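Reviewing the structure listed below.
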């Protein structure tokens, strides 16, 4: 990449041709560019602040990816791994409450191709446990982000282990009706 100062502005050579006193050079070589006043561009070394900001941005992105992966967003019912986002948890809670109000003792839901029938009280207990798990996982994620944002050393940011401190995944076993 080459540049030239024209009218006090840094102008970059964008390929193609250059105009010289005696005409036009199409697809000039590096030597022809330098001979005609174009300078090799050296990207400036980022400052320590820029390096720290870039390291933090990268680490924060890694935390977000980890938080939304099956490393965090997963539980099992009878060995079937799944995740229910907040909205779906609320929909199931509403369904369980409606079934209960209608006089039902049990409710069936289908997830990942598997049917699960449990007493409504069991559904509500599982949803409560899952809501607490999700809240604690989110707290852990936010603590990791706060820790990274408070760091002042690039190597500390790079070395930071954001995979620790998450609550143990929930495993709901065989439940008797």
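The values are calculated or read from the model by the stated rules, or taken from the named source; none is laboratory data. Every value quoted in this text rests on a predicted model; they were computed, and no experiment measured them. Methodologically, a virtual Cβ is constructed for each residue, glycine included, from the backbone with ideal geometry; neighbour enumeration extends over all protein chains shown.
Just a few scattered comments:
- Among residues of segment 18-36, those that are surrounded by 13 or more Cβ atoms within 10 Å (Cβ to Cβ) and in contact with a strand residue (DSSP E or B) (Cβ under 8 Å, 6 or more places away or on another chain), counted: 7
- Only one entry in 75, 172, 116 is touching a strand residue (DSSP E or B) at 6+ places or on another chain (Cβ under 8 Å) and without any contact (Cβ under 8 Å) to a residue 40 or more places away in the chain, namely 116.
- Within segment 157-177, considering residues that are surrounded by 15 or more Cβ atoms within 10 Å (Cβ to Cβ) and farther than 15 Å from residue 61 by Cα, the one modelled with the lowest pLDDT: 175
- Near pairs, Cβ below 7 angstrom, 6+ apart or cross-chain, from segment 34-51 (in contact (Cβ under 8 Å) with a residue 12 or more places away in the chain) to any residue that is in a helix (DSSP H, G or I) and surrounded by 11 or more Cβ atoms within 10 Å (Cβ to Cβ): 51/154
- The sole residue among 41, 99, 104 that is surrounded by fewer than 16 Cβ atoms within 10 Å (Cβ to Cβ) and touching a helix residue (DSSP H, G or I) at 6+ places or on another chain (Cβ under 7 Å) is 104.
For (1) closer than 30 Å to residue 165 by Cα; (2) in a loop (DSSP other than H, G, I, E, B), each residue gets a yes or a no:
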| residue | (1), (2) |
| --- | --- |
| 37 | no, yes |
| 55 | yes, no |
| 81 | yes, no |
| 93 | yes, no |
| 104 | no, yes |
| 109 | no, no |
